[in-house]
1. Please go through region 336-359 and give me each residue that is among the aliphatic types (A, V, I, L, M), open to solvent by 10 Å² or more (accessible area, probe 1.4 Å) and either under 30 Å from L633 (Cα atoms) or at pLDDT below 90 (or both), ordered by number.
2. For region 574-632, which fully contained strands (runs of 3 or more DSSP E) count at least 2 residues that are more than 19 Å from the chain's Cα centre (by Cα)?
3. Which number in (1) of a type outside the set (A, V, I, L, M, F, W, C); (2) at pLDDT 90 or above; (3) open to solvent by 10 Å² or more (accessible area, probe 1.4 Å) marks the one condition that G123 misses?
4. Kindly list the number of the only condition in (1) farther than 24 Å from A829 by Cβ; (2) assigned to a strand (DSSP E or B); (3) in contact with a helix residue (DSSP H, G or I) (Cβ under 6 Å, 6 or more places away or on another chain) that fails for S682.
5. Only one residue in A37, A72 is modelled with pLDDT of 80 or more and open to solvent by 30 Å² or more (accessible area, probe 1.4 Å), so which one is that?
6. Can you go through T474, T464 and tell me which one is at pLDDT below 90, surrounded by 22 or more Cβ atoms within 10 Å (Cβ to Cβ) and either on the phi < 0 side of the Ramachandran plot or not basic (K, R) (or both)?
7. Can you tell me how many residues within region 272-294 are within 13 Å of A166 (Cβ to Cβ) and without any contact (Cβ under 8 Å) to a residue 60 or more places away in the chain?
8. Which number in (1) at pLDDT below 90; (2) open to solvent by 10 Å² or more (accessible area, probe 1.4 Å); (3) in a loop (DSSP other than H, G, I, E, B) marks the one condition that Q727 misses?
Amino acid sequence: MLCQVSHARSDRKNDEPHGAQTLVRHIWFRGRLLTAAATILILGLVGFAIFHLTSEVRYDDVLSALTRTSWASIALTVGFTALSFLALTFYDVGALIYLKRKLPYADVALTATAAYAVGNTAGFGPLSGGAIRYRAYSRLGLKPEEIGGVIAFVTLAFGLGLASVASLSLLMIAPEVAPLVGVSSSALRAISVLILTALVALMVAGRDNRALQLGRFSLRFPDSRTASRQFLITVLDIAASASVLYVLLPDGVIGWPAFLAIYAVAVGLGVLSHVPAGLGVFETVIIAALGKTADVDTILGALVLYRLIYHVLPLLLAVIFVIGAELRSLYHKPVASSLRRVGGRLTPLLLATLALILAAMLVFSSVTPTPDENLAFLADYVPLPIIEGTHFLASLLGLVLVIIARGLARRLDSAWWTALVVAVVALLFSLLKAVALVEASFLAFFIVSLLVTHRLFDRPANLTSERLTIPWLTAMLALCAFAVIALLFVYRDVEYSNALWWQFELSDEAPRGLRAVLGLTIFSGAVALWSLLRPARGTLSVSSSEDMEKAIAIVRAQAVSDANLVRMGDKSLMFSADGRAFIMYGRQARSWIALFDPVGPRDAWPDLIWQFIEEARSCGCRPVFYQVSPAGLSYYADAGLRAFRLGELATADLTNFELKGGKWATLRQTVSRGQRDGLQFSVIEPEGIPAIMKELVSVSDAWLAHHRAKEKGFSLGAFNPDYIVAQPVAVLRLEGRIVAFANILITGACEEGTIDLMRFRPEAPKGSMDFLFVSLMEYLRDKGFKRFNLGMAPLAGLSERRSSPVWDKVGRTVFEHGERFYNFKGLKAFKSKFHPQWEPRYMAAGGGINPVLALMDATFLIGGGVKGIVKK
């Protein structure tokens, strides 16, 4: 599929390098690389620490410790896991109460459970708790800024609660913990007092919802009742999750209060490390703290079971839950409202996370020995070359599942088919290489899950059409690093020699694992190089006149008047498969920026939005939707984008528009003054515009010269004769001479009208703009139009709530203090004179720094480059 980008203006202008943009992009890219490198470095240090701490432990000892765990202990850990996840759901409940939003508990519980099940297991990119919440809560009617508030609330509540619990625990049982960590009890208590003092100081400074200034930003803490409730929830959550691991440890190793403190510190360090699920970091802290009082092999066995029960089991149960709902819907049985609304949106993410777990399972099984009785059974039925080959290929299939997981999260049909084939082949290999029944059972469960949910993966796209991002490559390399660590641990007693690479015996497990690690390293390295170095594909082409006519016909048939900006011809066009809708977009640097929501019937939006996103990414660009309405937010969320508020659109109701009453007094006086000055309003139909074109050009040139401005583009029209004659023009005359004009944008639906260009001579009477607006609104009202679009007020209406995201706070600051650069307040004040209804407008883009780069690109695209912005 080719990337088609059409512009009436030169594409080379849009591809000019801009110093600020290039600098930000370089800083961002280097930051991502440094973060990835830091993650791999942490993994290396953790691997070295674990290898050193377990120097006296052998793989068989760990297996023996696992088998000694009683079923009663496992049942008790499952109960504590359920209690912990029950407490976790109340983080979201508390956030919604704080935001004064009410949702059914079933909806919130399903969303929170899925968010923590996925976040605890993967925790990056689209497989994070925030991404889960954004997709689900957008379907349940929450605004993007409210979803951001929920994410900020649960993050802050957990972080502060974790610090409080760890500090209080250390304060009370410091003498018991001190010998375990090699630090004096007085030092531990001093650290705890400092942390608690800082937390209390923050709470006191922010009491009664007072703002706490931190440099240029302000932070508001919740009231004491909310803070107390969340603290108790955090205590319950951490106590229950700590008990999961505590029950699995040998009796008498450590007291529960002391273990709670160590556990809280281990969780905190795991979170701060940014390693997915804190894997390795958490284990290192626990082993280092308890290794002196208990056998390390029993601790390792307990940690393995803890990961399976607390991390994997909730994910499996969540998948079973949503698959059960899918089966009920297939048999036309009633399904709970929560499952109908959000279950289908969460299922792809849950299956993607399950694919990552299976990937890790396949990789780790390739570097761990097969039980002797299984090998003996295979020796009678399976030739050695097949065992060797399936063992090696099964490990590579694990890395393939990592790549597929990304496509599953995006509901790609190609990812579904590939996952199904890979899972079936991996299941066969697991039996041929080791008779691994547990491994085969997990793969069979995954296959059934895919078959049941096939209808959810309906987005046509090539799985290899876009490169893997740095977080996904980091996850792949991290998996390989863990495989190396596991190989060194399992075969630490095997002396290395070059001959190991060429030993092919049924009992030779170490050479088999060594070859598997080599294959993993080569394959992951090749994928990383291919993703980072491959050029963006696609060609540039110009949309045909037939495409323009087709788009204009769609515009006429719908009600959004701004869609007439397609007539400018400076934007590319992308049509839906059935030709009923289109997206108009421009390209600036590495951004494909769609203007407004798709134009056309609402049922054509989802597929067209995904088509645009897929095309942009296949060309190595970021997809951006600029000035979109709340109506489409759930579609953008489903596609993995996040919404960032740009401002508010003002719309005046024309059905009862009359200049009567006290609130219209100012406008009435302005209109009366204009009439006394001799202003005359009229509307020129398209066929009459060529006769006055010279006068319109004169007015436009005078306006540009007076304001020292240049023509804009993209979301703003420019004075182009072909564009001007396409629709009616409203003019103001003074003594028979045109002193002001505005081109009118309307559609065949006759519901909404607006203007794009509005220009006037410097000598036009004061108040001419207001006179023109009022006259045009009365004209459209008399023609039967229902509303008048006054345009967007940038940065207006951004949340002032204490829970608002950073984007809103920064935007609000610019709105309040940025008059030097743009008349934000003045523009909103002008629109407010017409007493409109305000509706938010958003930019939908990826997370991280993508929205910042996207907004920069949109600004350059509208202004026509650096010179256009400098010249306003």
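The values are calculated or read from the model by the stated rules, or taken from the named source; none is laboratory data. Keep in mind that what you see is a predicted model, and the values were worked out from it rather than measured. Don't worry about glycine lacking a Cβ; one is built from the backbone with ideal geometry, like all the others, and counts go over all protein chains shown. Each accessible area value is taken on the protein alone, full model and side chains, heavy atoms only, with ligands, DNA and RNA left out. Shrake-Rupley method; radii C 1.70, N 1.55, O 1.52, S 1.80 Å.
1. Once the filter is applied, which keeps residues that are among the aliphatic types (A, V, I, L, M), open to solvent by 10 Å² or more (accessible area, probe 1.4 Å) and either under 30 Å from L633 (Cα atoms) or at pLDDT below 90 (or both), region 336-359 yields A336, L339, L356.
2. On the way: elements: 582-588, 591-595, 622-628.
Ranges flagged: 582-588.
3. Evaluating G123 over (1) of a type outside the set (A, V, I, L, M, F, W, C); (2) at pLDDT 90 or above; (3) open to solvent by 10 Å² or more (accessible area, probe 1.4 Å) leaves (2) as the failure.
4. Here S682 meets the rest and fails (3).
5. Just one listed residue meets the conditions, A72.
6. T474
7. If we filter region 272-294 for residues that are within 13 Å of A166 (Cβ to Cβ), which is where we start, we get 272, 285, 289.
Next cut, without any contact (Cβ under 8 Å) to a residue 60 or more places away in the chain only: 272, 285.
Total satisfying the criteria: 2.
8. (1)
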